[in-house]
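Chemist: Below you'll find the structure I mean.
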Amino acid sequence: MTPWIEAMRLRTLPVSVAGVLAGTACAAYHHGFNALPMAICLAFAIIAQIASNFANEYYDFKNGLDKKGREGFRRGVTEGDISPAAMKRATYILLGLDILLGCSLIIWGGIGLIPVGAAIAVFAVGYSAGPYPLSHHGLGDIAVIIFFGLVPVLFTEYVQLGVFTPDYVSICVAFAVGIMAANVLIVNNYRDFEDDKAVGKHTTVVIFGRKTMARVYLLNGIAAAACIAIATSSAPVGVSQGWVGYLVCHLTYYSYLQNRKGSELNKLLKYTSILLLLVAVYLLILLSVYPSPAKP
């Protein structure tokens, strides 16, 4: 089971969890917390990310973009621990199960969720496969902001409330989560720079260079801190300053990013992901305790 667990990339799964928790925070802020659809959203998000990670392993191997001994986490298919056929089969079995699970959310969100679910399924595979893989053409960062920030936050909130409430709190939370998730991807691609460049995989780090993307990582964190500050501005001073703690951690991580490369960045990848999860938990607690004065 070890190669399969490694293929799930557990260190990055907090990104999926964070989006759902942050969406639940927005629902609670608008007086609409509902545990059952939240739990379904959580399971859906985690399975979708695992399926996407499996697809990434299979299609990068198939397209010759992985090699043995790469800097990142061990790739089971490339190293011969898992057969390509088994990985492909696991990818689409998980994706099928996730689609069925997602259909249950129609009870709360209506049939309008079908195109959203279809887009998520296409993204899960299209990130690494298809005629124009997003991760190979510098579009991974934007896709992550959309599918790990805007979509999970706004639609997790929607299925709990039954209505959209696109006010400044929800929008700021969604963008903050998406930007922080993009930073996880930047660390991943920063680590894999040499390997990706050698095989012609055009991530944003390969396209723009390490120096530029390190600055983007820095600016993303500052923008996320600003979004968090705005989203929690209605809470009392003293408990609404969580963005300060986040920013201090982020600046520390930025310093670490500048002075490390290769496998040394695996630790930063994990901590950047965990920091996002901690921010989501903070938002869930704060926005639940200090909800909106008016119901939607």
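The values are calculated or read from the model by the stated rules, or taken from the named source; none is laboratory data. Model, not experiment: these values are computed from the prediction. No Cβ is skipped: glycine too gets one built from the backbone with ideal geometry, and neighbour counts run over all protein chains shown. Accessible surface is based on the protein model in full, side chains and every heavy atom, while ligands, DNA and RNA are left aside. Shrake-Rupley method; radii C 1.70, N 1.55, O 1.52, S 1.80 Å.
Chemist: Take the conditions in contact with a Gly (Cβ under 9 Å, 6 or more places away or on another chain) and either of a type in the set (Val, Ile, Thr) or modelled with pLDDT of 95 or more (or both) and apply them to THR252. Does it pass? Steps first, answer last, please.
Modeler: Numbers: in contact with a Gly (Cβ under 9 Å, 6 or more places away or on another chain): no; either of a type in the set (Val, Ile, Thr) or modelled with pLDDT of 95 or more (or both): yes.
Here the answer is no, as THR252 does not meet what is asked.
Chemist: Report whether or not GLY162 is within 24 Å of GLY112 (Cβ to Cβ) and in contact with a Phe, Trp or Tyr (Cβ under 8 Å, 6 or more places away or on another chain).
Modeler: Here the answer is yes, as GLY162 does meet what is asked.
Chemist: While we're on this one: Report, by residue number, each residue of the range 282-296 that is open to solvent by 60 Å² or more (accessible area, probe 1.4 Å) and aromatic (Phe, Trp, Tyr).
Modeler: TYR290
Chemist: Condition first: closer than 28 Å to HIS202 by Cβ and part of a loop (DSSP other than H, G, I, E, B). Can you find one or more residues in the range 14-26 that meet it?
Modeler: No, that holds for no residue.
Chemist: Let me ask something additional. Checking TYR190 against (1) open to solvent by less than 10 Å² (accessible area, probe 1.4 Å); (2) part of a helix (DSSP H, G or I), which test does it fail?
Modeler: Status for TYR190: all satisfied but (1).
Chemist: Same structure again: Is at least one residue of the range 286-295 within 22 Å of VAL205 (Cβ to Cβ) and not charged (D, E, K, R)?
Modeler: no
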